[in-house]
Amino acid sequence: MKIIIAGAGAMGSRFGLMLHRADNEVILVDGWQEHIDAINKNGLKANFNGEEVVERIPIYNQNEVSTIDFSADLVILFTKAMQLDNMLQSISSLLHEETKVLCLLNGIGHEDIIKNYVPYNNILLGNTMWTSDMEGPGKVKLFGDGSIDLQNLGAGQENVANEVVEVLNQAGLNANYSSNILSSIYKKACVNGAVNGLCTLLGCNIADFGKTTYADAIVEQIVDEFIAIADAQEISLNKDEVLAQIKSSFNPETIGLHYPSMHQDLIVNNRLTEIDYINGVIVRKGKQYQISTPYCTFLTELIHTKEEILGAK
Ligand code: NAD
């Protein structure tokens, strides 16, 4: 299959590498010139479950793709949420009427942007439990296993979603068709929304936050706001299940000792965060449905304040 990875950072590099190894015709499209130069010069380097590998995959700057001749069957979107619109604009000349577009970004509401560039029936939404870390330009660290759930947005397009599932599975990416992807997307965003922003502001790992006497009450307020917004859209989100998943993340033996990726982005790397697509969406939708969202509002504002203080880019 001819595949464009649009956004070839940590996750895009993982997917690009695994799909390329499975004999798909893959190109990477990205906007980080140092990373592009490193991959063009030395190949994409990865520590892949402890083994050092190099994969030669063509990579293009998104500002130059309009001149290339590549008619994609599938585009996998892996930008950060705030880079998505710009990326879709850049690659729009490579999309034809049959090109399927799979969005695997974290966060809520990306379909509202994608549908400005892609016919509704060609859009697939997904959620992934794979992880990946950037070690520097041209180099990623890929450890552990993961999975993908995905679903078509357009009615009657299940066969399209299943074809994509098959291609991903041939590359060992462990994909499954989901009959309720919006619910899983909300669940993941809610788990992230309850922990990521707070650990970033408080400068602590997930376990240290979870141990505090305030954690349960704060988390419950945030979860209630997500559930109210999900309910307003008839998306089912089970409170007990979400709370149980958040509590399990407090355990030092699961992921408790990790700092969430938002902490890595803002505090370690001085980059802007995806807060507007996690808690911030709940605030925007709250205004639309006249539902009060004070915890998500305050958290979103505090993260933006911290971004300004640090001059994040
Ligand atoms: P990423 O930050 O590694 O890459 C996103 C974009 O930012 C890429 O275009 C990349 O080239 C660019 N970039 C990365 N580091 C940069 C730097 N130092 N300077 C300039 N540009 C840089 O993001 P990601 O981790 O691949 O995440 C993509 C999406 O997938 C996000 O929505 C994220 O929330 C989600 N996600 C990530 C993981 C994970 O483990 N990394 C897991 C699940 C979902």
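Any read-out appearing in this document is the output of simple, stated calculations on the displayed coordinates, not a laboratory observation. All values reported here derive from a predicted model rather than from experimental measurement. Here Cβ is always computed from backbone atoms with ideal geometry, including for glycine, and neighbour counts include all displayed protein chains.
Values computed for the structure shown
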{"quantity": "Percent RCO, i.e. relative contact order, over segment 2-179, from Cα pairs under 8 Å lying at least 6 residues apart", "calculated": "23"}
{"quantity": "Segment 118-146-segment 221-288 distance, computed between alpha-carbon centres (Å)", "calculated": "19"}
{"quantity": "Proximal lysines relative to K239, as straight alpha-carbon distance under 26 Å, when same-chain residues fewer than 8 apart are discounted", "calculated": "K187, K188, K211, K247, K285, K287"}
{"quantity": "Long-range Cα-Cα pairs in the chain (distance over 23 Å), rounded percent", "calculated": "57"}
{"quantity": "Segment 2-179: C-alpha gyration tensor shape, a/c 1.5 cut-off, then a/b vs b/c", "calculated": "oblate"}
{"quantity": "Tally of Lys pairs whose C-alpha atoms are under 24 Å apart, taken over segment 2-179, 8 or more apart or cross-chain", "calculated": "16"}
{"quantity": "Relative contact order %, the chain, counting alpha carbon pairs below 8 Å whose residues are six or more apart", "calculated": "14"}
{"quantity": "Prolate/oblate/rounded call for segment 263-313, Cα gyration tensor, a/c under 1.5 rounded", "calculated": "prolate"}
{"quantity": "Ordering of 49-62, 183-196 by packing [mean C-beta count within 10 Å, highest first]", "calculated": "183-196, 49-62"}
